[in-house]
Amino acid sequence: MDAETLAARADARRRWGLAAPAVAIITLFSILPLGVVLVYSFLAPGDFGNVRWQLSFEGWFSVLFERDIFDDTISLSDAHLTILGRSVALSLATTLITLVLGLPTAWFIATRPLHQRAFWLFLITIPFWTNLLVRTIAVQEMIRSEGVFNRLFLWLGLIDAPIQMMFTNFAVLVGMAYVFLPLMVLPVYSAIEKFDFRLAEAGYDLYASRAYCLRRVILPMVRPGIIAGSILVFVPSLGAYVTPRIMGGGKSMMLGNLIEMQFGQGRNWPLGAALSLTLTALVLAALIWYTRLTSGGRRNG
Amino acid sequence: MLDLHRLTKSFGKGDSAVTALHEVSFSIAEGEFFTLLGPSGCGKTTLLRLIAGFEPPSGGALVLDGRDIAHVPPNQRPVNTVFQNYALFPHMTVAENVGFALGAQGRPRAEIAATVERMLALVKLSHLAGRKSAALSGGQQQRVALARALAARPRILLLDEPLSALDMKLRKEMQVELKRLQQETGLTFIFVTHDQEEALTMSDRIAVMAGGRIQQIASPRDLYDQPANRFVAGFIGETNFLPAHCTAGRLTLPQAAAPLPVPHADGPVTVMIRPEHVALGQARPDALVLTAQVDRLVYFGTDTHVHLHLSDGSPLVARVQNALRGGQPCAAGQTIPVSLPGEALRLLPCDEAA
């Protein structure tokens with residue numbers, strides 16, 4: 001064995017040594033708990049929560065199906081499917097709303113003079129200083145039946161009775177869009193900031209209308225920022241707990257609330273574990289789609 | 001075809017306003033290679049941006065083919081630009097870049113493909129059609145930018161210092177290439193540069209700019225031989241300036257032995273003479289004859305620059321063509337007679353600062 005190989009091995013050892021704390025933390029607090037959840041999802045529920053150590057596929061089965069209490073016929077679980085569908089739909093809608101609102105905002109900030117941008121970015125980050133609960137309740141104050149909007153509309157004579165906005169999908173959507181908007185603005189901003197505006201000028205010089213320029217020159221070049229922002233909004237939306245709890249109540253539940261219910265009053269830990277893993281799988285699918293999109297983008301441009 | 005009439009551009013408002021262009025007026029003819037030449041900050045790029053439509057003028061008219069286009073947006077002007085940094089779209093292939101203008105105009109796919117092919121052949125880049133523009137060398141990017149700007153057959157092609165990012169050898173090649181393209185396409189080119197050699201070798205006419213004003217518009221030869229003022233004389237080529245005086249049709253130079261008859265109004269003037277016209281060694285008739293001391297000689301291959309100073313200390317440079325045999329024209333430290341031939345002298349008004 002020559003000196004070079006020995007040196008390379010020592011180097012590899014050093015690298016592993018440096019990585020060790022991170023590896024230990026990930027193993028202890030991420031992989032291990034995930035393993036526990038995985039194991040629990042294949043066990044039977046205990047009488048007062050917890051699990052009985054007995055192999056059972058009932059938890060996974062109940063994610064999508066239900067058994068009739070009387071004749072044991074199997075059917076798709078409407079309640080779970082509705083919540084699953086609502087989670088995905090609301091998360092997609094949240095992503096779309098934050099994109100529609102966030103893109104112009106990011107554009108506005110990125111086109112300010114350099115010394116003003118820090119100020120506008122600072123304004124975007126202010127909501128992060130406040131607790132999520134407080135922010136969500138603030139939105140609730142705006143749209144509840146005796147809230148700011150309803151009172152304003154009543155006073156203006158636009159409506160005769162308060163509009164029921166709370167505890168609907170709309171309320172959850174408003175809450176989530178508000179809470180996650182900065183997560184869209186920041187990556188899109190950083191993409192637009194890197195954009196060379198002389199390219200837009202070139203497009204404009206070459207007979208492109210503003211819309212054509214936006215579609216063919218600007219959007220393709222800020223696409224990585226839009227994709228990153230969409231993932232940053234979509235992933236936490238899918239698992240959102242606080243916002244749908246406050247804004248949607250028991251009527252507009254999302255996946256996060258359903259999982260919490262199984263571990264709480266539902267006392268069905270295996271089902272909760274199976275639902276958690278379903279959520280993880282959805283997130284993973286979104287992330288794989290994201291990597292495909294971005295790496296494909298790099299290959300082609 | 002293009003007429004600029006008292007075109008003015010100011011930036012800012014009120015007291016802090018800066019005027020970048022002062023009432024610029026000139027006309028460009030169909031098929032002309034017209035160059036805007038000047039030092040940085042002279043307003044040449046501002047003028048180009050006004051013609052392209054990126055900035056509205058503060059005053060004056062910009063008339064193309066009889067229509068005032070001063071406030072027409074750039075995407076509705078039949079004018080295309082080759083940008084200084086090329087501004088190619090990095091996410092598109094070479095062919096997509098070249099076809100962009102036609103696509104934006106909504107031309108049929110087949111027509112775009114045919115035009116792209118023709119344009120790429122014109123700039124000799126057909127083999128790179130499918131390549132991403134970011135993966136090209138500087139010279140290749142330059143050619144793509146040219147093909148892209150030419151694809152929609154503009155009435156006028158604007159070129160904003162397109163060669164400044166290229167190295168010396170490539171720049172010389174592209175100068176020839178650009179001139180060839182201009183002659184082949186018969187298009188009107190407006191070329192912006194700060195490089196006088198580039199301007200002299202390529203242009204039909206040159207507008208020399210300084211301080212937001214046109215100093216002179218002339219052919220390269222006239223610009224060199226008949227500069228309108230001291231700025232133009234100093235900016236184009238090397239030159240000597242000597243303060244002098246005109247009295248009763250005779251030019252008196254304090255250092256000269258005798259005055260020279262000239263058709264010029266009385267008063268103080270600046271005498272300008274190119275180094276290659278300064279004759280060393282003998283006193284010639286019809287010339288201002290001076291005595292000068294040789295400071296040093298600088299050998300340049302084809303010629304030798306002789307740095308001299310006159311009796312009052314003012315410097316004078318002569319350029320002597322090197323003969324195959326014969327050695328140096330003079331030696332440092334020598335005092336020799338110097339003739340400034342009357343036909344090579346240019347008398348410029350001397351009231352302005354250089």
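The values are calculated or read from the model by the stated rules, or taken from the named source; none is laboratory data. All figures in this text were calculated on a predicted structure; none of them were measured in a lab. Cβ sites come from the backbone with ideal geometry, for glycine too, and all protein chains shown count toward neighbours. Just the protein is used for accessible areas: all its heavy atoms, side chains included, with ligands, DNA and RNA removed. Shrake-Rupley method; radii C 1.70, N 1.55, O 1.52, S 1.80 Å.
Gaussian network model of chain B, Cα springs within a sub-10 Å range: biggest mean-square fluctuation belongs to which of B:Gln321, B:Gln226, B:Gln142?
Taking springs between Cα atoms under 10 Å, the residue moving most is B:Gln321.
In peptide A:196-204, what is the residue-averaged number of other protein chain Cβ atoms found within 10 Å of each Cβ? Provide the component values of the computation, followed by the final result.
Details: counts 3, 1, 6, 7, 1, 7, 16, 7, 7.
Mean shielding count: 6.
Using mean Cβ contacts within 10 Å as the protection proxy, how do B:305-311, A:260-266 order, highest first? Spell out each step's value before the answer.
On the way: B:305-311: 17.9, A:260-266: 15.6.
Top to bottom by mean Cβ count within 10 Å: B:305-311, A:260-266.
Can you pull out the GluC sites (Glu not before Pro) in the range B:132-220 that DSSP calls coil and that have at most 15 other Cβ atoms within 10 Å? All intermediate terms of the calculation are to be shown ahead of the outcome.
Numbers: sites: B:Glu173, B:Glu177, B:Glu184, B:Glu197, B:Glu198; in loops: none.
Answer in residue order: no site qualifies.
For the range B:117-181, run through the trypsin sites (Lys or Arg not before Pro) and keep only the ones in DSSP coil with at most 14 other Cβ atoms within 10 Å of their Cβ.
On the way: sites: B:Arg118, B:Lys124, B:Arg131, B:Lys132, B:Arg143, B:Arg148, B:Arg155, B:Lys169, B:Arg171, B:Lys172, B:Lys179, B:Arg180; in loops: B:Lys124, B:Arg131, B:Arg155.
Here the sparse-neighbourhood loop sites are B:Lys124.
Between the range B:296-354 and the range A:134-207, how many Å separate their Cα centres?
76 Å
Given the options B:Ser339, B:Pro263, B:Ser314, identify the residue whose Cα lies farthest towards the positive end of the charge dipole of the range B:217-354 (+1 on Cβ of Lys, Arg; -1 on Cβ of Asp, Glu).
B:Ser339
Quick one: net charge of A:Leu214's neighbours, Cβ under 14 Å, K/R +1, D/E -1? Let's see the in-between values first.
Numbers: positive: A:Arg210, A:Arg215, A:Arg216, A:Arg223; negative: A:Glu201.
Surrounding charge for A:Leu214 is +3.
Work from the charge dipole of chain A (Cβ charges, +1 for Lys and Arg, -1 for Asp and Glu, about the Cα centre) and give the residue of A:Ala171, A:Met184, A:Ile97 farthest towards its positive end.
Farthest along the dipole direction, towards plus: A:Met184.
Find the relative contact order for chain B and round it to a whole percent, using C-alpha pairs within less than 8 Å whose residues are 6+ positions apart.
Numbers: 730 pairs, mean separation 52.9, N = 354.
Computed over chain B, the figure is 15 percent.
Share of antiparallel DSSP beta bridges in the protein assembly as shown, in percent to the nearest 5?
75 percent
For each pair in B:Lys44/B:Lys169; B:Lys132/B:Lys172; B:Lys13/B:Lys179; B:Lys44/B:Lys172, compute the distance between the two Cα atoms and list the pairs where it is over 31 Å.
Beyond 31 Å between Cα atoms: B:Lys13/B:Lys179.
Can you tell which of A:Ala12, A:Ala273, A:Ala138 shows the greatest fluctuation in a Gaussian network model of chain A with Cα springs below 10 Å?
A:Ala12
To the nearest 10 Å², what's A:Trp269's accessible area with a 1.4 Å probe?
Counting only protein heavy atoms, the figure is 70 Å².
Cα centroid distance between the range A:58-99 and the range B:165-193, in Å?
67 Å
Take every Cα pair under 8 Å in the range B:241-349 that's 6+ residues apart, average their separations, divide by the length, and report that relative contact order as a whole percent. Walk me through the numbers before you get to the answer.
Numbers: 247 pairs, mean separation 33.5, N = 109.
Rounded, it is 31 percent for the range B:241-349.
Specify which residue in the list B:His71, B:Thr81, B:Phe231 is farthest towards the positive end of the charge dipole of chain B, using unit charges on the beta carbon of Lys, Arg (+1) and Asp, Glu (-1), about the Cα centre.
B:Thr81
May I ask for the distance between the Cα centers of the range B:31-69 and the range B:229-243, given as a whole number of Å?
Answer, in whole Å: 26.
Nothing charged except the Cβ atoms of Lys and Arg (+1) and of Asp and Glu (-1): what's the magnitude of the dipole of the protein assembly as shown about its Cα centre? Round to the nearest 20 debye.
Details: 57 positive and 51 negative charges, 179 e Å.
Rounded to the nearest 20 debye, it is 860 debye.
Taking the Cα centre of the range B:2-230 as origin and charging only Cβ (+1 Lys, Arg; -1 Asp, Glu), how large is the dipole, in debye to the nearest 20? Can you show the working numbers first?
Working: 26 positive and 23 negative charges, 101 e Å.
Magnitude of the dipole: close to 480 debye.
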